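The values are calculated or read from the model by the stated rules, or taken from the named source; none is laboratory data. Note that the structure is predicted; figures quoted are calculated from it, not measured. Every residue, glycine as well, gets a Cβ built from its backbone with ideal geometry; the counts of neighbours run over all protein chains shown.
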Amino acid sequence: MQNQQRRYFLLVLIFCMFGLISGFTALATTGTIDSVYKYAWGENTGWINFGNSYGNVQVGDESLTGYAWSNNFGWINLHPTLAGVTNNLDGQLGGYAWGENLGWIDFTGVTIASSGEFFGYATISSTNSHINFNCSNNNACSSSDYRVKTSWQPLVMFLGVDIINASSTPVDNPAFTINNAPAKFNCQAATGTLGVVNQKIRITNTTINPAWTLTLAAVSTSSLWTSASSTFDFNDPTSAGCSDGADQDTVAGQLSISPTNATLTPKNTCDSAGISLGNSSNFSQGFVDNITLVTATGAGTNCYWDITGISMSQKVPLEQQSGLYNLAMTLTIVAN
Amino acid sequence: MQHNFLVYSLWIIFSTAIVLAPLTLSNDNRKNFVKQNFALAAATPQFQQTITAGTLLTDIRDNSRVTVASPTVAMSAINASFGCASTTGTFGSSTQRIYVDNPSAANNGWTLSLAATGGVTSLWTSASSTFDFNDPTTSGCADGGDADTKIGDMTLNPTVGTITADYTTGSSIVGISKGAQASFNEGTVNSITIMSAANTASSTWRGYMTGIGVVQTIPAEQQAQAYTLGMTLTVVAN
């Protein structure tokens with residue numbers, strides 16, 4: 001995060017993301033070693049070839065198999081009995097290989113990036129010496145361009161919501177604006193749009209689960225529209241949002257959200273089948289604390305959808321002081 | 001009677017914050033991956049709204065707060081005579097209230113004043129005759145050094161009037177003051193303050209004034225006619 005506010009909201013993100021990926025069972029996919037980038041460098045062993053054609057190194061979602069070859073120390077078994085180099089699906093390696101003349105080699109600290117490149121160092125247990133998998137680890141590429149690379153790529157399964165601009169770049173500080181309203185002696189409604197060309201709501205689902213729900217809520221049900229010197233409410237339905245009611249605060253105001261006429265634009269290889277827009281609804285503390293924007297029951301996977309044009313209407317209490325008011329909201333997507 | 005109003009706008013810059021969930025697409029070759037997954041991800045956009053300064057205005061309204069289309073102040077009738085005389089009236093009544101609305105438009109106070117619509121050369125005018133409203137010579141009973149050759153002078157006395165707050169979130173008239181008694185004097189007193197607000201007054205305030213005393217001197221031998229004089233109320237932010 002690039003600023004304090006983003007660091008603040010990181011807390012929310014961490015809270016929301018804790019359950020992102022939980023237990024799954026894989027059917028293995030494997031990759032081979034690149035024919036060019038196949039060498040690691042051991043400080044005590046010299047070059048180690050992970051792409052030797054006789055070694056048949058395979059990189060899988062859960063483990064590495066096959067043999068690497070050291071000209072000085074012979075074969076290194078990546079998958080010895082009762083041990084072996086492990087992969088945790090997202091490219092974090094661990095476990096032990098066995099070198100016939102080196103003994104155990106600890107792969108903890110070696111990673112495979114989305115590019116397929118290995119990074120980090122393995123450690124020969126008996127000597128505590130390192131095997132470097134990428135010249136960039138120690139900024140040595142200008143003198144010797146080596147690395148180990150595989151066609152295997154980390155698996156990222158993701159169900160998420162993001163705010164992107166027209167170029168599909170995440171927006172650093174998205175803000176959805178309700179149109180300016182002049183201070184008045186009467187209660188009034190001010191309208192706005194959630195999801196616009198330069199701030200589209202993007203739902204991405206690369207999991208295999210086709211069912212999810214996107215909702216909108218304030219960071220807290222006791223949140224208020226807040227300016228430097230004044231506040232008003234977003235979830236008080238009394239007198240259609242024009243009077244203070246039975247909730248805990250003493251200010252009036254109510255925010256209405258209407259996704260019914262929103263536009264849903266799928267990734268070009270996907271469609272909107274199985275996805276439905278939510279109904280118009282008004283925030284009401286203790287009763288309607290979050291509003292469903294979109295629901296998927298049988299949507300495509302490995303897809304994304306951009307949402308624009310969700311209507312917003314906020315009741316502004318009478319005699320509300322002029323000022324810039326902010327209300328922190330949270331878009332949450334949950335797999336069903 | 002006409003009324004003007006001035007508009008003051010206040011624009012304020014937004015600030016925002018967000019957290020984005022990581023966004024990485026999986027490989028197509030992982031479609032056969034079998035998983036019972038439960039995912040939760042969030043983004044936290046900021047919603048923003050600006051309540052701009054409203055419009056500072058003055059108006060003549062009835063007791064239902066409805067604008068009076070053609071407000072008038074009727075001066076007492078007086079017989080034509082060979083001597084200088086005076087007539088009296090009241091500006092602001094229960095059915096013609098002199099309102100000021102300040103919906104966060106003037107945070108440093110405001111001033112409500114009255115002046116002739118046609119400017120300092122205006123005259124009380126009937127079908128066939130005129131007399132002056134801003135010539136204080138001999139207490140309004142003689143023509144003086146102003147540009148016209150007419151006699152007459154008008155005096156306003158806001159001090160006898162009443163100020164009433166009329167808004168929902170408060171009832172204070174702290175910082176609201178009546179103007180001082182004054183007489184029009186061409187080139188010297190072209191407008192008369194009838195009510196004002198200091199910066200201690202609520203920045204969101206609506207209220208009205210009634211009962212302002214009005215005295216007009218009538219020159220000797222003025223023709224018997226119905227005379228009118230257009231006046232303008234103006235409220236200005238300090």
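If you check A:Leu318, A:Leu324, A:Leu331, which single one turns out to be under 17 Å from A:Pro237 (Cβ atoms) and buried (at least 18 other Cβ atoms within 10 Å of the Cβ)?
A:Leu318
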Those residues of the range A:164-200 which are within 19 Å of A:Asp233 (Cα to Cα) and hydroxyl-bearing (Ser, Thr, Tyr), in sequence order
A:Thr177, A:Thr191, A:Thr193
Counting only residues that are surrounded by fewer than 19 Cβ atoms within 10 Å (Cβ to Cβ) and either more than 19 Å from A:Met312 (Cα to Cα) or touching a Ser or Thr at 6+ places or on another chain (Cβ under 6 Å) (or both), how many does the range A:220-229 have?
3
Restricting the search to the range A:196-219, which residues are of a type outside the set (A, V, I, L, M, F, W, C), more than 10 Å from chain B (Cβ to nearest Cβ) and in a loop (DSSP other than H, G, I, E, B)?
A:Asn198, A:Pro210
Where residues in the range B:186-238 are of a type in the set (A, V, I, L, M, F, W, C) and not in a strand (DSSP E or B), which of them is surrounded by the most Cβ atoms within 10 Å (Cβ to Cβ)?
B:Ala201
Conditions (1) within 13 Å of another protein chain (Cβ to nearest Cβ); (2) under 28 Å from A:Thr169 (Cβ atoms); (3) surrounded by fewer than 21 Cβ atoms within 10 Å (Cβ to Cβ); number of the one not met by A:Asn336:
(2)
Is at least one residue of the range B:129-148 among the aromatic types (Phe, Trp, Tyr) and under 30 Å from A:Cys187 (Cβ atoms)?
no
One residue from A:Pro174, A:Pro154, A:Pro182 being crowded, with 20+ Cβ neighbours inside 10 Å, in contact with a Ser or Thr (Cβ under 7 Å, 6 or more places away or on another chain), more than 7 Å from every other protein chain (Cβ to nearest Cβ) and not hydroxyl-bearing (Ser, Thr, Tyr):
A:Pro154
When every residue in the range A:85-133 that is acidic (Asp, Glu) and over 18 Å from A:Asp34 (Cα atoms) is compared, the one modelled with the lowest pLDDT is A:Asp90
Wholly within the range A:60-177, strands (runs of 3 or more DSSP E) carrying at least 3 residues that are under 21 Å from the mean Cα position of the chain (by Cα):
A:159-164
When the range A:15-42 is checked residue by residue, the ones that are surrounded by fewer than 14 Cβ atoms within 10 Å (Cβ to Cβ) and modelled with pLDDT of 95 or more are A:Ser35, A:Val36
